[in-house]
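Colleague: First, the structure itself, so that you have it in front of you.
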Amino acid sequence: MIGGLIGIISGNFYSRANAFSMMGFDSFTSKELMDIREYTPLRSWPTDDILISETIKALDATEHQPDFVYTITVQGHGDYPKEKILKNPEILISGPFEEETRNQWEYYVNMIHEVDKFIGNLTAALEARDENTIVVFFGDHLPSLGLEETDMATGDTFQTNYITWNNFGLPKKDADLAAYELLASTTNDLGIHEGTIFTYEQSALDAKTTGSQPYLEGLNHLQYDLLYGDRFAYNGEDPYPATDLVMGVEDTSIISVWPSYFSGYVVVSGKNFTRWSKIYVNGEEVTTYYVNDSRLRMLVDDIEDGDTVVVNQMGSGNTVFRSTQEYIYHDPLAENTETALTE
C-alpha cells in the first residue's frame, strides 16, 4: 500500500516533512508543490477546492495498487474577523450576538459551508474514478470562538462526529470511538488486518473491550515499546524505518528557456511550476517572477549564453523540495554575434 499525504500547509512547519517520513508516508504534497490560485476572503488560507485535484493526482500516481491518502483541509481555520467581511453571505446568522461576535460566526459558518461544497465535489470526483474508495471525514479541533462544554450538544468540547463515504456499498455503521481507534475500525471493516497497533486495537474492537483498564494499559505499554523502548514486539528490530519521503507526486520540468528582449525578461517554460518555484542559474538563485504553472520569468541580465538553469521547488529555510533537470541556455543573440565575427 502506498501512503500519500496532502495538505495546504508548509512542508517544514512543525518539521512536518520529517514527521511524515517517520510515520511511513511515501509522498507529501505540501502547499509549495501546489499551484494555489484561490484564497479565502481574508486571504489567510487557500480554499480547499485545490485538494480535489491534488488528491486525484496522488491516487492516479500509483496504478494497480491500493493507496492510503491523508488530506488536510484548512479553509475553516481562523482567525475569524470581528469586522464584517462578507458582503453577500450565503448563510445568515441570527441570535442575540454582539456585532463583532456575529461577524466572526458569520465568517466561520460560511467558510464551513464552502468546505461542505468541497466535500460534495470531492466525493463526486472519487465516484467518477470508478475505483473502490472509502473516505473518512473528521475534525481535530473546534473553531477558536470561545466555545465551552455547555455550548456543545455532547457536553464535551473534545468529542466530534466523523463521517464515512464509500462507493462500493459498505453498510453504514455507527460507533463511538477514541480518535486513535478510528482508522483501526475503518480498516477492520475493510478486512485489512495489518500493523501492530491496528491489530491490537482491532482485537479489542471485536471483543468490545476498548476502554477497559487492561486494554488501555496494554496499549500504553505497546506504544512505549515501539516508540521509546527496546521493541520487544519486533524482537529488538526496527522493521519500519523512516521512508525516503518524496515531496509531491508530479515532476517539475523545464521545456524551454527563451529571451523576450522587448520586455527585458527571459522566460522559462515548463510543467508544474508554483508560486514557490525559484530559478537557479549556475547554482545561484535569481529573482523569479511566477506567471502560471507553465511559465516563469527572470531578468535578461541574470543569465548568459551557456549558463545552466534549474527550477527548484523551495520550502522555508532554503529547503529544496523538488528540482527540475538541468537546462543549458542558448542565447540567440550570442549565436548571431559569433556567426558575424566568424564571417
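The values are calculated or read from the model by the stated rules, or taken from the named source; none is laboratory data. Quantities reported herein were computed from a predicted structural model and do not represent experimental measurements. Note: ideal-geometry Cβ built from the backbone for every residue, glycine included; neighbour counts use all protein chains shown.
Colleague: For the structure I just gave you, tell me whether PHE118 is closer than 28 Å to PRO81 by Cα, buried (at least 17 other Cβ atoms within 10 Å of the Cβ) and not polar (S, T, N, Q).
Modeller: Spelling it out, PHE118 is indeed closer than 28 Å to PRO81 by Cα, buried (at least 17 other Cβ atoms within 10 Å of the Cβ) and not polar (S, T, N, Q).
The rows are residues; the columns are (1) within 17 Å of GLY11 (Cα to Cα); (2) buried (at least 18 other Cβ atoms within 10 Å of the Cβ).
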| residue | (1), (2) |
| --- | --- |
| TRP258 | no, no |
| VAL266 | no, yes |
| GLY270 | no, yes |
| ARG275 | yes, no |
| THR288 | no, yes |
| MET298 | no, yes |
| ILE303 | no, yes |
| ASN312 | yes, yes |
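Colleague: Mind telling me which of the residues ALA242, ALA334 ends up being in a loop (DSSP other than H, G, I, E, B) and among the aliphatic types (A, V, I, L, M)?
Modeller: Only one candidate qualifies: ALA242.
Listed here are the residues, each with its yes/no results for (1) under 22 Å from GLY24 (Cβ atoms); (2) surrounded by 12 or more Cβ atoms within 10 Å (Cβ to Cβ); (3) charged (D, E, K, R); (4) outside the structural domain of LEU51 (by TED's automatic domain parsing).
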| residue | (1), (2), (3), (4) |
| --- | --- |
| ALA125 | no, yes, no, no |
| ASP140 | yes, no, yes, no |
| ALA153 | no, no, no, no |
| LEU177 | yes, yes, no, yes |
| SER185 | yes, yes, no, yes |
| GLY191 | yes, no, no, yes |
| THR199 | yes, yes, no, yes |
| THR210 | no, yes, no, yes |
| LEU219 | yes, yes, no, yes |
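Colleague: Say we look at region 207-233 and pick out the residues that are outside any loop (DSSP other than H, G, I, E, B) and in contact (Cβ under 8 Å) with a residue 12 or more places away in the chain; which of these is nearest to LEU177 (Cα to Cα)?
Modeller: Filtering first and then ranking leaves LEU219.
Colleague: Under 9 Å by Cβ, and 6 or more places apart or on different chains, what pairs join a residue from region 122-147 that is of a type in the set (Lys, Arg) with one that is part of a loop (DSSP other than H, G, I, E, B) and surrounded by 14 or more Cβ atoms within 10 Å (Cβ to Cβ)?
Modeller: Partner pairs satisfying both residue conditions: ARG129/ASN167.
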